[in-house]
Amino acid sequence: MGTDWFRPISLEEALELRMTYPDAYLLCGATHLMTQPRTALSQYTRFIDLSRVEQLYGCHTEECVIQVGAAFSYARAADFLASTVPAVAQACRSVGTPQVRNKGTLGGAVALSLPNADLPPALLAVGAEVVLTSTVGSRVLPIEAWVCEPSQTSLQPDEIITALRFPRDQGPQAYHRLGRRAAFCFPEVAAAIAIDATLPSPYVRIAMTVGTGAFRLLHAEQFATEALSMMGTEPPEEIGMEFYGIVEETLAAHSAEIPEVVRTSAAAVAVRTLQEVWSDGDHL
Amino acid sequence: MEITFEVNGQSHNLAGVAPLESLAVILRDRLGLTGTKIGCATGHCGACSVLIDERLVNACLVPAAQLQGHQVTTVEGLETSEGIDNVQQAFVEAGAVQCGFCTAGMEMAAHALLSALSNPTKEQIRSALTGNLCRCTGYQKIVDAVYQAAIGLKGV
């Protein structure tokens, strides 16, 4: 059986192909595709390669939002978002290796939504949105509504991920992770924290992954937000242990399958991340 | 499928290529450019590192179907009319080669770094080489070699 490899050069052409062949394999950077066993790919006879679609490389900045095309590589996104959405930039710098970061794309990361990847906690913490486009128009989805269930996203059979949107210049943000190797391994645990200082009273958003999918820690968010409002820009050493305990308890409640060593490591990473964003008091 | 692309400045037109055939396999088996090594074939080891349009990538993760119209530089392409280039010379002088399997990939990663950053620190060099594994664990001399290459380039 032959293989059809489509190389659209415009978004319109890509959307037509997507509608005509909803079961085709969509790709852009191809870093995930090429690591898949050939037996797993044998079910696909059509591939739609989005890497030549110019519209997917665009970006623009609005007053409060920055939008980047889905074909932005991790390396380009890390540079482009460094000052405006630093937690996502830091997560992009943590993905894979320099070689992989030059090829892999933001759109691919969102499409795959691997539960233990670097990007999901950062996207959750900063409140990212996914722009989905079909031949009938575009819709914007909060990242929290993107992953319905493990390995199940909200992407419709006629849609393509065309961009990601981020609130910009909200306040201090940080991303930290622990892995078995500095490069080319998924994080064992990762934490992203973003303080939204644009609100009348700054709010702390916290998201983590412990290999089970990224999620927000709402109780820890409330604690950190209240502590921030009471203590101002003082470094949070005094509350570090309490915050550590809350994170560990939250993880234990989240899943009984998370081993104690992972919970304690994750709590330590969360404290370190909070200390970094909090001490960046110039923004508050 | 049929693809046309450049390798080290030379145009190649290949027919009958499977879309998912990797660039690493094409370089070695179709074009005879065996300087590029295949270690893991999953992007972990960096032995197959090459430049595509001046960007460092793993050749094992590039499907043939994406090569159309692009320019590839392999370790063979680093050589100049005067012989091996500064990075390669620095590897020789620093003794940064043991079994040699990672060397081509290391040199490509070093080349990419020095093209972007002429005066890197050793920490920046280590960071740039995180995608390249040396199974002999001879990292120190490799970092020294890249550092010396940078100094040499700066002195030119």
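Using the Cα centre as the reference, give the magnitude of the dipole from point charges on the C-beta atoms of the protein assembly as shown (Lys, Arg: +1; Asp, Glu: -1; all else neutral), rounded to the nearest 20 debye. Each step should come with its number before you reach the end.
Working: 28 positive and 46 negative charges, 227 e Å.
Its charge dipole is roughly 1100 debye.
Let me confirm the definition first: pairs of Lys residues in the protein assembly as shown, 8 or more apart or on different chains, C-alpha distance under 23 Å. How many are there? Working shown, then result.
Details: A:103/B:37; B:37/B:141; B:122/B:141; B:122/B:154; B:141/B:154.
Count of close lysine pairs: 5.
Per the 1.4 Å probe, what fraction of the accessible area of region B:3-77, in percent, lies on carbon and sulfur atoms? Before the final figure, lay out the partial values.
Details: 1250 of 2620 Å².
Within region B:3-77, the accessible surface is 48 percent carbon and sulfur.
Net charge around residue B:92, counting only other residues with Cβ within less than 14 Å of its Cβ (Lys, Arg = +1; Asp, Glu = -1)? Mind showing how you got there, number by number?
Numbers: positive: B:141; negative: B:79, B:85, B:93, B:107, B:144.
In short, -4.
Taking θ = phi - 60°, what integer Hz values does the Karplus form 6.51 cos²θ - 1.76 cosθ + 1.60 yield along region A:21-36, in sequence order, with x for Gly and Pro?
10, x, 8, 6, 7, 8, 8, 9, x, 6, 5, 6, 3, 6, 9, 7
Convert each backbone phi in region A:106-120 into a coupling constant with the Karplus relation 6.51 cos²θ - 1.76 cosθ + 1.60 (shift: θ = phi - 60°), then list the ³J(HN,Hα) values in order as whole Hz, x for Gly and Pro.
Result, ordered by residue: 4, x, x, 4, 5, 4, 6, 6, 5, x, 10, 7, 6, 5, x Hz.
Treat region A:173-283 as a sphere of radius equal to its Kirkwood radius over Cα pairs and apply Stokes-Einstein at 37 °C in a medium of 0.692 mPa s; give the translational diffusion coefficient in µm²/s, rounded to a whole number.
On the way: Rh = 14.0 Å.
Rounded to a whole number, D works out at 234 µm²/s.
I want to verify the translational diffusion coefficient of region A:35-160 in µm²/s; compute it with Stokes-Einstein, Rh as the Kirkwood radius over Cα pairs, at 10 °C and 1.306 mPa s. Before the final figure, lay out the partial values.
On the way: Rh = 15.5 Å.
Translational D for this selection: 102 µm²/s.
Could you tell me which residue out of A:220, B:47, A:100 lies farthest along the dipole of the protein assembly as shown toward its positive end? Charges go on the beta carbon: Lys and Arg +1, Asp and Glu -1, centred on the Cα centre.
The residue sitting most towards the positive pole is B:47.
Roughly how large is the B-A contact in terms of buried accessible area, totalled over both chains, probe 1.4 Å, nearest 100 Å²? List each step's numbers first, then the result.
On the way: alone 7940 and 13520 Å², together 19320 Å².
Using a 1.4 Å probe on protein heavy atoms, the buried area is about 2200 Å².
Measure off 7 Å from each Cα along the Cα-to-Cβ vector at residue A:44 and residue A:253, then give the distance between these two points in nanometres to one decimal.
Going by the 7 Å Cα→Cβ label model, 4.0 nm.
Assuming R0 = 35 Å, can you tell me the calculated FRET efficiency for the pair residue B:139 and residue B:53, based on Cβ-Cβ distance, to the nearest 0.05?
Working: r = 28 Å, r/R0 = 0.81.
It comes to 0.80.
Can you list residues from other chains, or at least 5 along the same chain, whose modelled amide H is less than 5 Å from the amide H of residue A:46?
Amide H neighbours of residue A:46, under 5 Å, 5+ apart: A:4, A:25.
Let me spell out the model: positive unit charges on the Cβ of Lys and Arg, negative unit charges on the Cβ of Asp and Glu, origin at the Cα centre of chain B. What dipole size does that give, in debye rounded to 20? Could the numbers behind the result be given before it?
Values: 9 positive and 14 negative charges, 100 e Å.
It works out to roughly 480 debye.
Of A:88, A:146, B:152, which is farthest on the positive side of the dipole of the protein assembly as shown, counting Cα position, with +1 on Lys and Arg Cβ, -1 on Asp and Glu Cβ, and the Cα centre as origin?
Towards the positive end, the residue furthest out is B:152.
Regarding region A:100-232, what is the average projected area of its C-alpha convex hull, in nm²? Please list the in-between numbers first.
Details: hull surface 37.8 nm².
So the mean shadow area of the Cα hull is 9.4 nm².
Quick one: which bits of region B:102-134 get at least 40 Å² less accessible when the partner protein chains are in, versus the chain alone, with a 1.4 Å probe?
B:130
Give me the one-decimal nm value for the distance between modelled label points at residue B:98 and residue B:151, 7 Å along each residue's Cα-to-Cβ direction.
2.4 nm
Length gain on complete extension for the stretch residue A:57 to residue A:20, per 0.36 nm per residue less the alpha carbon to alpha carbon distance? Don't skip to the answer; put the middle values down first.
Working: separation 37, 0.36 × 37 = 13.32 nm, distance 2.35 nm.
In short, 11.0 nm is gained.
Assuming R0 = 45 Å, what is the FRET efficiency of residue A:201 and residue A:35, from their Cβ-Cβ distance, to the nearest 0.05?
0.50
What nm value, rounded to one decimal, do you get for the distance between residue B:118 and residue A:82 when each label is placed 7 Å out toward the C-beta?
Distance between label points: 1.9 nm.
Could you list which residues have their amide H under 5 Å from that of residue A:97, counting only those 5 or more apart in sequence or on another chain, with H placed in the peptide plane?
A:184
List the residues of region A:73-117 for which accessible area in the full set of protein chains is at least 30 Å² lower than for the chain on its own; 1.4 Å probe, protein heavy atoms only.
Residues of region A:73-117 that lose at least 30 Å² of accessible area once the other chains are added: A:98, A:99, A:102, A:103.
Out of the total accessible area of chain A (probe 1.4 Å, heavy atoms of protein only), what percent is carbon and sulfur?
Numbers: 6430 of 12430 Å².
Carbon-and-sulfur percentage of accessible area, whole number: 52.
Run a plain Debye calculation on region B:86-155 (Cα atoms as equal point scatterers, no solvent) and give log10 I(q)/I(0) at q = 0.18 Å⁻¹, rounded to two decimals, same order as the q list.
Log10 of I(q)/I(0), two decimals: -0.54.
Could you grab the relative contact order for chain B? Cα pairs under 8 Å, six or more apart, rounded to a whole percent.
Working: 276 pairs, mean separation 37.5, N = 156.
Reported relative contact order: 24 percent.
Rolling a 1.4 Å sphere over the protein heavy atoms, what is the accessible area per residue of the protein assembly as shown, to the nearest Å²? It would help to have the intermediate numbers written out before the result.
Numbers: 19320 Å² over 440 residues.
Spelled out: the 1.4 Å probe surface of the protein assembly as shown, per residue, equals 44 Å².
Over all distinct alpha-carbon pairs, what is the Kirkwood Rh of region B:3-77 in angstrom?
Details: mean 1/r = 0.0839 Å⁻¹.
It is 11.9 Å.
At 0.36 nm per residue, minus the direct Cα-Cα distance, what do residue A:136 and residue A:152 gain on full extension? Give it in nm, one decimal, please. Spell out each step's value before the answer.
Numbers: separation 16, 0.36 × 16 = 5.76 nm, distance 2.28 nm.
Once the chain is fully extended between residue A:136 and residue A:152, it gains 3.5 nm.
The values are calculated or read from the model by the stated rules, or taken from the named source; none is laboratory data. These figures come from a predicted structure and were not determined experimentally. As a convention, Cβ positions derive from the backbone with ideal geometry for all residues, glycine included, and neighbour counts pool all protein chains shown. Protein only, heavy atoms only, side chains kept; ligands, DNA and RNA dropped before computing areas. Shrake-Rupley method; radii C 1.70, N 1.55, O 1.52, S 1.80 Å.
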